[in-house]
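Okay, structure first, notes after.
Just so you know, all these numbers are worked out from the coordinates, no wet-lab data involved. Bear in mind that the values here come from a model prediction, so they are computed numbers and not experimental data. Counting neighbours? That spans all protein chains shown, and the Cβs are built from the backbone with ideal geometry, glycine included.
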Amino acid sequence: MKILLTILIGLVTVFTYPQQAQINATLLNTEALKENEVFLSRDLFDNIYTLEGDVLRKQSKYSTNKFSLPKFGKLTQVDLSNPLFPVLYYGDFRTIVITSKEFSLLNTIDLPARFPNLDPAYVASSTGKNLWIVNQANRSVVMYNLSTLILHTITTIKETGIKTYQSNINNLYWVTDTNVINGIDIHGNETVKYNLGTNYDQIQIVNNEQLFFLFNNKIYFVDMAKNKQYEIKIQEKTIKSFFYNTQKLSIFADHKLTNYQIKLP
């Protein structure tokens with residue numbers, strides 16, 4: 001199952017890398033996960049989010065919260081960019097679900113009933129009470145206001161062959177199949193145009209100037225503003241996924257998380 005995760009100011013356009021450097025990582029600890037758990041992310045409060053089947057789980061040092069809605073079928077996307085209001089999307093029924101930080105159900109949006117022409121490729125939290133929605137039916141990017149229940153189109157994506165969408169509350173990003181990263185703000189203004197210059201197995205766009213990517217079991221940090229790429233020196237030889245948040249890099253492999261402290265240049 002493909003899970004899009006989201007978790008991300010100036011215009012940047014660059015195309016080549018200078019000589020690659022390295023960033024040392026300091027081992028902090030390891031944390032065991034269940035055999036069928038898939039690591040998603042870690043928030044500012046050090047809570048861990050995982051997925052087991054269609055059950056979303058949040059683990060803190062003191063408690064565990066779970067959320068599932070089997071009647072809506074497969075959980076196809078989880079957005080945790082705002083951990084106070086997680087956004088879930090069930091593609092089988094084209095239904096958006098919003099929960100509290102404790103995973104209490106707050107809102108359910110039945111798109112076929114309200115907006116039959118809206119077929120999301122991506123849904124995530126934006127500023128205020130708005131949601132980013134990318135409509136794959138016509139490649140439009142719309143804002144949906146949870147208070148007014150009004151859709152507002154801010155731009156249309158011109159590129160084709162999109163393989164990744166990500167966002168933070170202020171910016172939406174998409175990556176083409178030629179590994180060009182594009183970004184816009186909440187008004188539809190372009191903020192990023194960056195040729196990564198390589199393929200990847202996973203990418204995390206932190207903001208308009210920084211990103212990480214995993215390729216061939218190695219993790220790299222890219223400073224897009226300075227046009228520099230760094231390899232992160234870690235001990236893992238096989239990596240399933242990773243997540244970076246506030247100088248902590250979490251590596252998922254072999255049913256466990258290995259956490260490192262890193263200092264970005």
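Given the C-alpha centroids of segment 133-186 and segment 45-117, what is the distance between them in whole angstrom?
Rounded to whole Å, the Cα centres lie 20 Å apart.
For semi-axes √(5λ) of the Cα gyration tensor in Å, which listed value, (1) 29, 25, 15; (2) 26, 21, 19; (3) 36, 20, 15, comes from the coordinates shown?
(1)
Once a ≥ b ≥ c are taken as the square roots of the eigenvalues of the Cα gyration tensor of segment 132-206, is the result rounded (a/c under 1.5), prolate (a/b larger than b/c) or oblate (a/b not larger than b/c)?
prolate
Output ³J(HN,Hα) for segment 132-149: one whole-Hz value per residue in order, computed from phi by the Karplus curve 6.51 cos²θ - 1.76 cosθ + 1.60 with θ = phi - 60°, and x for Gly and Pro.
Ordered by residue, 3J(HN,Hα) equals 6, 9, 9, 8, 6, 5, 9, 6, 7, 10, 10, 9, 10, 8, 6, 8, 8, 6 Hz.
Between ASN29 and LYS193, take the C-beta separation as r, use R0 = 51 Å, and let me know the FRET efficiency to the nearest 0.05. Write out the running numbers ahead of the final one.
Values: r = 39 Å, r/R0 = 0.76.
For ASN29 and LYS193, the calculated efficiency is 0.85.
What is the spin-label model distance, in nm, from LYS163 to ASP177 if the labels are put 7 Å beyond Cα along the C-beta direction?
Label at LYS163, label at ASP177, 0.9 nm between them.
Using a/c under 1.5 as the rounded threshold, could you call segment 55-177 rounded, prolate or oblate? The axes a ≥ b ≥ c are square roots of the C-alpha gyration tensor eigenvalues, and prolate needs a/b larger than b/c, oblate otherwise.
Prolate, since a/c reaches 1.5 and a/b exceeds b/c.
In segment 130-183, which trypsin sites (Lys or Arg not before Pro) fall in coil by DSSP and have 11 or fewer other Cβ atoms within 10 Å?
Counting only loop positions with at most 11 other Cβ atoms within 10 Å, the trypsin sites (Lys or Arg not before Pro) in segment 130-183 are LYS158.
Could you sort the peptides 221-227, 195-201, 24-30 by per-residue average Cβ neighbour count (10 Å cutoff), highest mean leading?
On the way: 221-227: 18.4, 195-201: 15.7, 24-30: 11.9.
Put in order of decreasing packing, that is 221-227, 195-201, 24-30.
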